[in-house]
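What follows is one structure encoded as structure tokens, with my remarks underneath.
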Protein chains: 2
Amino acid sequence: MKLFHYLFSLLTLLFLFQAKEGVSISPLQLITHPLDPLTKQEITLVQATVLKKYPTPPNHVFFHYVGLDDPDKTHVLKWASSGTKTPPQRSAFVVAIVNNSQIHELIINIKSSNVVSYKIHLDPGFPTLTLEEQSLAISLPLKYGPDVESINKRGLNLSEVVCSCFTVGWYGEAKSTRALRLECFSKNGTANIYVRPISGINILADLDTMKIVEYHDNVVEPVPKAENTEYRASHLKPPFSPRLHSFASHQPEGPGFTIKGHSISWANWKFHIGYDVRAGVIISTASIYDPEVHKSRQVLYRGYISELFVPYQDPGEEWYYKTFFDAGEFGFGQSMVSLEPLHDCPPQAQFLDVYFAASDGSPQHLENAICVFEQYGGISWRHTESGIPNEQIREVRSDVSLIVRSVVTVGNYDNVIDWEFKPSGSIKPSISLSGILEIKAVDITHTDQIKDDQHGTLVSEHSIGVYHDHYYIYHLDFDIDGVDNSFVKTNFKTVQVTDYNSSKRKSYWTTSSEVAKTESDAKTKLGFSPSEIVIVNPNKKTSTGNEVGYRLVPNAASHPLLREDDYPQRRGAFTNYNVWVTPYNKTEKWAGGLFVDQSHGDDTLAVWTKQNRGIENKDIVLWYVVGIHHVPCQEDFPIMPLLSTGFELRPTNFFERNPVLKTLSPDIVKWPGCGKP
Amino acid sequence: MKLFHYLFSLLTLLFLFQAKEGVSISPLQLITHPLDPLTKQEITLVQATVLKKYPTPPNHVFFHYVGLDDPDKTHVLKWASSGTKTPPQRSAFVVAIVNNSQIHELIINIKSSNVVSYKIHLDPGFPTLTLEEQSLAISLPLKYGPDVESINKRGLNLSEVVCSCFTVGWYGEAKSTRALRLECFSKNGTANIYVRPISGINILADLDTMKIVEYHDNVVEPVPKAENTEYRASHLKPPFSPRLHSFASHQPEGPGFTIKGHSISWANWKFHIGYDVRAGVIISTASIYDPEVHKSRQVLYRGYISELFVPYQDPGEEWYYKTFFDAGEFGFGQSMVSLEPLHDCPPQAQFLDVYFAASDGSPQHLENAICVFEQYGGISWRHTESGIPNEQIREVRSDVSLIVRSVVTVGNYDNVIDWEFKPSGSIKPSISLSGILEIKAVDITHTDQIKDDQHGTLVSEHSIGVYHDHYYIYHLDFDIDGVDNSFVKTNFKTVQVTDYNSSKRKSYWTTSSEVAKTESDAKTKLGFSPSEIVIVNPNKKTSTGNEVGYRLVPNAASHPLLREDDYPQRRGAFTNYNVWVTPYNKTEKWAGGLFVDQSHGDDTLAVWTKQNRGIENKDIVLWYVVGIHHVPCQEDFPIMPLLSTGFELRPTNFFERNPVLKTLSPDIVKWPGCGKP
């Protein structure tokens, strides 16, 4: 990794020397895979290209999205199979707001520095917020007279107030302007601002004018106390809890994986770790080596979290609008945070940095944004055989997993996003929630005083942890042994035995498989009837004739509880089913729509699939919703211990047999001291 | 651990010196906890006491169960709170078959070596099989003329045939005798006998006479080939799969837990690891230290897997009866196997041995039956705060878990049973399946040849992996801050907004809690309507007034697919619901009944709960069913990579706040060489 960084720096220098003028920097040789995220140089070049089209002054240009425009899948696959080094031509996709009103979508050819196409977005919905405008917006209340008055009125010190911003949602308005709700907090005595809301104040800021346009100071609820809310060890007083014993580890042969650019090779896996300012980590072109046929076989063209919908469940004036789309509104990649070596990731981890474009289009660097590490301690397979006389057999294979981790912190919540790969062919994506609850201040200190529905749990005095959901939707573009795949639901059904001469049983179960022909066939609410969900390649069979496939092993399913015609649910309609399948379409990346902020729900997965397109033996995408209904509890306060959920993508008749049958255990040893372990 | 063994040996020696005569060995001083499993000496003493009652000759006595008779819970709790060292008086419970027909249940006072009570079991159902009778039974076919002929007829060599035994189930017979079905396999060219069945032969052995009483040689199906079925590395030919890199670890301060007898102290947890020949590992008297009140608080009085029901789904003559109850018929503890250090458990693991009684009542030793280890690599909680101007905050706490692991191998399947404890108060039990499929031999080599339902997957030529289920039922005797607890279902419900002046939302969800008053109220099929399942102590509230509790966070729920009146389902009726709650009753330990072999289903959890007893604010037991419908796939062949599932018991308003807020990260370091890490 160090070497890689060194090379990277060298190459960067090289390009700087080769550069003739700003726009003509040619960073293409840094790219080793067509799905590599935009480099620092490419972002700079895209910035320059856009600003050449809209010179500033006289224009004002804000970059709301800058990312790799997906290369044609056929080109990527051709590139991958050809073994040529030069990836196909790269383009960037840009969403920029020009002169505070026009939303421009541009495609930029990176090599030629040309704007290939552009259009103006006129439909409802606004682009992802920039960090800079959020930063400007949250400073508005503290300079706004009426708010200063409200703060003084509450006996608070202005220097101890910080504000935060919240997207406003959409509630049937025919026309909207870009706006944010603002809410302020006391940081007096704590860094844990979210648990000390200064409530009773409604503030709306217009983002085009960057001014407060609505302001109401209503009820005054007490600000919950700072006591017991601090979480920084440096600010906590002893006694601390019993110490956990320390752990030292070592990989004498070094890590078992290699990272070349963004491409990973590990054990039998090869895949690419991409990054997008909106999606966060993207796993691409994952293939696994099949020892039977002596070659790597395609599994997953692309996998990422397409959207995260977090609707709060308090209908009151200060809370009803809180129905966040964390990827589309705040940017899952933009909200990624630097990982803390040794604590967020174990010592054997290697880290990747990322670059994204700031509001002015310039590249921003995020260090240690992604970590990759091997995890030990599990069992791959085992058997003890006691049934053969005079023979005792015990065969155990230890397991090693490879984990790709990132953390997305959108305001108060921290989402730990893991992709776990196993030599057995399983991919286990998981999500763990931590961070801080959003607290509603109330004049209640004990549940005895509760008369009406408080829409949450009294997690501490004056503090309601408001009910909410977390719905993550994964975009899983499987290419099982090729692009043309089918979606199969294997249903379980009870068969009644009618001829009691043939069996002493009265019943048994068997399966019947249904191939989904269209998008409607594939829509599935999990949990109500037993089934297995499999993506197969119907053109490829095992030697005994089973269709090769991968199975989705889901976790406990969650279903939406809002009315289907309620505004937030129309926008988050991709949660109406747990599983959806669409034909691959380059433009259908974001399950909640491309422009999600204040969207009307007319560009969601639920709308696209109304076309009821054919999905049999086609290049298809599986969409899977992982949902958590969150009833806060006192343990979530003042900071929440990880709550984890996940699922498994498991090879199912993909291999002729157990693919780790001939994978020996790694040497796993206790290392008592010096020398060779 | 070594020291402990040493002390144990010393004490053993001491007792041998003190012993006056066989029966009077007094091993009580070895016992440090009233729930300690019977010691080697105690088993010897119980054997002697029983044989004194039924001298051999003239009697024949076979011990089918020897275990600790549960001490009164009140006595155990009193002992635990009093701090006295001498545990209350211990008794053993014994099930013995005397003179091949009478099933005796005996309670034996260990101190006085007296039979306190005994009764003869006359109802349907037989005790757990002994290893010895299974061993005798499987040797019968090879000495049975017609079978020798059948084997010869198939061109097989008798020396390469091994047989295995299977419980016969119950299919409405009014009266039964103890019997086993026998099936033979070819071990020619493989140790993987289960995939090479010699089919077409039905053999029934009577266990009282230990003779074959039914024999039919029907159809002759080819024995599936040995090729690609071997799993022992020593018998596999290169090339092997890519090597996984090695890993060395070290705990410079030693492990963070201490084991004293069977009692564990680790971080904020204290609990007891028991063992029972039928249940396997039993977690008892688990309590967690609460830093707010400076004391340990009770959580779980006892948790173990009460039964495992594995019904196969082929109604045919050779398969219909395969509806196994692995705990009641084969003994989950009796089927535990020695763990392989470094491979089944990581290097930092410590091991516990166990003793159980053989068929003749003598103590049998199983080395390394249970391992305990700490696991690193996760995150306990984290937050990155970017919302406070001019301040960057990142606080991350690494997590450490404590895992108690055992492996139960019942014939072909290996069940990896983990109990994971977290400093945050969570207990995460998990089950991972490995081992070998039961294969049905068929004259089919390709799915194209399949005309009728084969009741499974063609996992290899001539080899059907037959459909089946695995239903594990956990007995979870919660004592949340005391014995009197209630079961609360928190239901989620959609509320429609009717007054649009009050909110722009059309809907939201809220919760309503139902306290189960009776056993019927508590029966729950999970997955059909959203709810949270909580055990609370209604007599104990947090300072803000929430009832203290623990929540069951379930995995995807499975429901039975057999007809409710089908014989196997009547016996396995405890799977009719995922969650059940009963008032604590010492005799209700085994969800499928005390005598499960050939039972009629009249002593199951489903029958007990028909009493519809009160369960509100009482000492209650939660029963939770984890089910897997298993459609085999080729990857499961010839040996299955781990398939894992699990659930979480999570403190929910049990603590005033996050209990690991003041738990610092352990030192986790990369140790590149010699010296102090």
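The values are calculated or read from the model by the stated rules, or taken from the named source; none is laboratory data. This one's a predicted model, so the numbers in the text were calculated from it and none came from an experiment. Quick reminder, even Gly has a Cβ in these numbers, built from the backbone with ideal geometry, and neighbours come from all protein chains shown.
Below is a table of values for the structure above.
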item	result
Residue, farthest from the other protein chains (Cβ to nearest Cβ), within region B:246-266, restricted to residues that are touching a His at 6+ places or on another chain (Cβ under 9 Å) and of a type in the set (A, V, I, L, M)	B:Ile264
Residues that are among the β-branched types (Val, Ile, Thr) and in contact with a Gly (Cβ under 8 Å, 6 or more places away or on another chain), drawn from region B:601-618	B:Thr604, B:Val607
Set A:Arg563, A:Arg570: member being closer than 22 Å to A:Val168 by Cβ and facing another protein chain (nearest Cβ under 8 Å)	A:Arg563
Test for A:Lys211: is it surrounded by fewer than 17 Cβ atoms within 10 Å (Cβ to Cβ), modelled with pLDDT of 95 or more, assigned by TED's automatic domain parsing to the domain that holds A:Glu149 and farther than 28 Å from B:Leu664 by Cα	yes
The listed residue being within 14 Å of chain A (Cβ to nearest Cβ) and either assigned to a helix (DSSP H, G or I) or surrounded by fewer than 16 Cβ atoms within 10 Å (Cβ to Cβ) (or both), out of B:Gly482, B:Gly545	B:Gly545
One residue from B:Ile110, B:Ile103, B:Ile138 being over 19 Å from B:Thr49 (Cα atoms), buried (at least 16 other Cβ atoms within 10 Å of the Cβ) and either of a type in the set (Phe, Trp, Tyr) or not assigned by TED's automatic domain parsing to the domain that holds B:Phe325 (or both)	B:Ile138
Sole residue being of a type in the set (Asp, Glu) and within 30 Å of the chain's Cα centre (by Cα), chosen from A:Asp123, A:Asp147	A:Asp123
Only one of A:Val213, A:Val168, A:Val195 that is of a type outside the set (D, E, K, R), within 11 Å of another protein chain (Cβ to nearest Cβ) and within 24 Å of A:Gln598 (Cβ to Cβ)	A:Val168
Region A:214-224, residues that are assigned to a loop (DSSP other than H, G, I, E, B), surrounded by fewer than 17 Cβ atoms within 10 Å (Cβ to Cβ) and either polar (S, T, N, Q) or modelled with pLDDT of 95 or more (or both)	A:Asn218
In region B:626-643, residue nearest to B:Tyr304 (Cα to Cα) [restricted to those that are part of a strand (DSSP E or B) and more than 7 Å from chain A (Cβ to nearest Cβ)]	B:Val626
Hits in region B:165-206 (condition: among the hydroxyl-bearing types (Ser, Thr, Tyr), part of a loop (DSSP other than H, G, I, E, B) and out of contact with any Ser or Thr (no Cβ under 8 Å at 6 or more places or on another chain))	B:Tyr171, B:Ser176, B:Thr177
Region B:289-308: number of residues that are within 14 Å of another protein chain (Cβ to nearest Cβ) and either touching a Ser or Thr at 6+ places or on another chain (Cβ under 7 Å) or part of a strand (DSSP E or B) (or both)	7
Scope region B:225-235; condition in a loop (DSSP other than H, G, I, E, B) and farther than 17 Å from A:Asp290 by Cα; matching residues	B:Lys225, B:Ala226, B:Glu227, B:Thr229, B:Glu230, B:Tyr231, B:Arg232
Every residue from region A:629-663 that is under 17 Å from B:Thr457 (Cβ atoms) and of a type in the set (A, V, I, L, M, F, W, C)	A:Phe654, A:Phe655
Any hit, region B:602-614, residues being among the aromatic types (Phe, Trp, Tyr) and either crowded, with 24+ Cβ neighbours inside 10 Å or within 14 Å of chain A (Cβ to nearest Cβ) (or both)	no
Qualifying residue in region A:406-417 (condition: assigned to a strand (DSSP E or B) and more than 23 Å from the chain's Cα centre (by Cα))	no
Matching residues, region A:488-529, being over 28 Å from the mean Cα position of the chain (by Cα) and in a loop (DSSP other than H, G, I, E, B)	A:Val497, A:Thr498, A:Asp499, A:Tyr500, A:Asn501, A:Ser502, A:Ser503, A:Lys504, A:Arg505, A:Lys506, A:Lys517, A:Ser529
Residue list for region B:225-245, restricted to those being within 10 Å of another protein chain (Cβ to nearest Cβ), charged (D, E, K, R) and exposed (fewer than 13 other Cβ atoms within 10 Å of the Cβ)	B:Lys237
Output for region B:489-513, where each listed residue is out of contact with any Asp or Glu (no Cβ under 7 Å at 6 or more places or on another chain) and under 30 Å from B:Tyr584 (Cβ atoms)	B:Phe492, B:Thr511, B:Ser512, B:Ser513
B:Thr457 free of Cβ contacts under 8 Å to residues at least 12 places away in the same chain and assigned by TED's automatic domain parsing to the domain that holds B:Leu352	no
Qualifying residues in region B:480-521 (those that are touching a residue at least 60 places away in the same chain (Cβ under 8 Å) and of a type in the set (D, E, K, R)) - the one nearest to B:Ile533 (Cα to Cα)	B:Asp521
Index of the failed condition, B:Arg196 passing every other in (1) more than 22 Å from A:Thr384 (Cα to Cα); (2) touching a Pro at 6+ places or on another chain (Cβ under 7 Å); (3) buried (at least 21 other Cβ atoms within 10 Å of the Cβ)	(1)
Subset of region B:418-441 that is in contact with a helix residue (DSSP H, G or I) (Cβ under 9 Å, 6 or more places away or on another chain) and assigned to a loop (DSSP other than H, G, I, E, B) - its residue that is nearest to the other protein chains (Cβ to nearest Cβ)	B:Ser424
Residue match in region A:335-346 (condition: part of a strand (DSSP E or B), more than 13 Å from every other protein chain (Cβ to nearest Cβ), in contact (Cβ under 8 Å) with a residue 40 or more places away in the chain and touching a Leu at 6+ places or on another chain (Cβ under 6 Å))	no
A:Trp671 buried (at least 23 other Cβ atoms within 10 Å of the Cβ) and more than 30 Å from B:Pro291 (Cβ to Cβ)	no
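Residue-by-condition table, conditions (1) of a type outside the set (A, V, I, L, M); (2) in contact with a strand residue (DSSP E or B) (Cβ under 7 Å, 6 or more places away or on another chain); (3) surrounded by 20 or more Cβ atoms within 10 Å (Cβ to Cβ):
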{"site": "A:Thr494", "(1), (2), (3)": "yes, yes, no"}
{"site": "A:Val515", "(1), (2), (3)": "no, yes, no"}
{"site": "A:Glu519", "(1), (2), (3)": "yes, yes, yes"}
{"site": "A:Ile533", "(1), (2), (3)": "no, yes, yes"}
{"site": "A:Asn537", "(1), (2), (3)": "yes, yes, yes"}
{"site": "A:Gly549", "(1), (2), (3)": "yes, yes, yes"}
{"site": "A:Pro560", "(1), (2), (3)": "yes, no, yes"}
{"site": "A:Glu564", "(1), (2), (3)": "yes, no, no"}
{"site": "A:Arg570", "(1), (2), (3)": "yes, no, yes"}
